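One structure below.
The values are calculated or read from the model by the stated rules, or taken from the named source; none is laboratory data. What you are looking at is a predicted structure, and each value in this text was computed from that prediction instead of being measured. We place every Cβ from the backbone using ideal geometry, glycine too, and count neighbours over all the protein chains shown.
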């Protein structure tokens, strides 16, 4: 009985030893820094430079807008009416200026012969100056109204993906009101935080790996992107609550940006990621 008991103890000990050998946590590589962060993308709003009522919105959330694309329109009827009226005002001002010039030319001859007084000549001269000034002002007003008419159509100044469609046709907006929020396809980076103890071992341009939680259907492995450190904050801060770390949250950390060298459409705003930095990699330091 005692012999069976000893054998049982030996078997249990052997099993525990085997389990510990195969399941024990791997030793942490002190030269490999693991950070956790989220994908950041630059976003910007676009809107009209003039007030009016929205008539057309051409894009939806998720659409890609190419540079130079017409994205929205406002009712331009009032602007076109004012522009036509301004063209009429320019024609009138031009006719008045031509008439004033003709009178001035005649009075110049008369004044040279002494047929009219200096006061009469100066009156005609001032009339011509006023006519020229009125004409120039009418041209300036016409150009402004023409630009306002052109501003009734909103074009994209750069490429972006629509993340928010903020208004709908029929909405009356003021100058500068945002109608779309767009995200830039590049650059894409991960905002992560590094401990002070590792800060002295990293540098701008240092290679890094960005690993997402998504699985590549072709390889079955987590999607990995090559990247580099593009920014290191010069000031420390307490670890934000939204960020996971392997150390205490009360530690002071430094924010870094790890830019993806080969980003694609699957890296999205706010996506959680793991960043691996090999401290042995001193290439470019």
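Do the conditions hold for residue 161, that is, is it in the same structural domain as residue 65 (by TED's automatic domain parsing), surrounded by 19 or more Cβ atoms within 10 Å (Cβ to Cβ) and either in contact with a strand residue (DSSP E or B) (Cβ under 9 Å, 6 or more places away or on another chain) or within 30 Å of residue 102 (Cα to Cα) (or both)?
Values: in the same structural domain as residue 65 (by TED's automatic domain parsing): yes; surrounded by 19 or more Cβ atoms within 10 Å (Cβ to Cβ): yes; either in contact with a strand residue (DSSP E or B) (Cβ under 9 Å, 6 or more places away or on another chain) or within 30 Å of residue 102 (Cα to Cα) (or both): yes.
Yes; evaluated as a whole, the condition is true for this residue.
Hey, any hits in the range 107-117 for a residue that's surrounded by 13 or more Cβ atoms within 10 Å (Cβ to Cβ) and touching a residue at least 24 places away in the same chain (Cβ under 8 Å)? Talk me through it step by step, then tell me what you get.
To start, the set of residues in the range 107-117 that are surrounded by 13 or more Cβ atoms within 10 Å (Cβ to Cβ) comprises 107-108, 110-111, 116.
Those still in the list that are touching a residue at least 24 places away in the same chain (Cβ under 8 Å) too: none.
Within the range 107-117, none of the residues are surrounded by 13 or more Cβ atoms within 10 Å (Cβ to Cβ) and touching a residue at least 24 places away in the same chain (Cβ under 8 Å).
Kindly indicate the residue of the range 164-186 that is crowded, with 16+ Cβ neighbours inside 10 Å and outside any loop (DSSP other than H, G, I, E, B) and also modelled with the lowest pLDDT among those meeting that condition.
Only one residue tops the list, namely 185.
Give the range 152-163 a look and list any residue that's farther than 13 Å from residue 179 by Cβ and part of a loop (DSSP other than H, G, I, E, B), or say none.
157, 158, 159
Here are some conditions: (1) more than 30 Å from residue 167 (Cα to Cα); (2) surrounded by 12 or more Cβ atoms within 10 Å (Cβ to Cβ); (3) modelled with pLDDT of 90 or more. Residue 102 meets all but one. Which one does it not meet?
Single failed check for residue 102: (2).
Scan the range 56-78 and tell me whether some residue there is assigned to a helix (DSSP H, G or I), on the phi < 0 side of the Ramachandran plot and buried (at least 18 other Cβ atoms within 10 Å of the Cβ). Full working, then the answer.
Residues of the range 56-78 assigned to a helix (DSSP H, G or I): 77-78.
Going one step further and asking which of them are on the phi < 0 side of the Ramachandran plot, we end up with 77-78.
If we keep only those that are buried (at least 18 other Cβ atoms within 10 Å of the Cβ) as well, we get none.
No, the range 56-78 contains no residue that is assigned to a helix (DSSP H, G or I), on the phi < 0 side of the Ramachandran plot and buried (at least 18 other Cβ atoms within 10 Å of the Cβ).
Give the residues of the range 247-263 that are in contact with a strand residue (DSSP E or B) (Cβ under 8 Å, 6 or more places away or on another chain), part of a loop (DSSP other than H, G, I, E, B) and modelled with pLDDT under 85, sorted by residue number.
Residues satisfying the conditions are 247, 249, 250, 251.
Can you tell me which residue among 143, 120 is surrounded by 13 or more Cβ atoms within 10 Å (Cβ to Cβ), in a helix (DSSP H, G or I) and over 48 Å from the mean Cα position of the chain (by Cα)?
One residue alone meets the criteria, 120.
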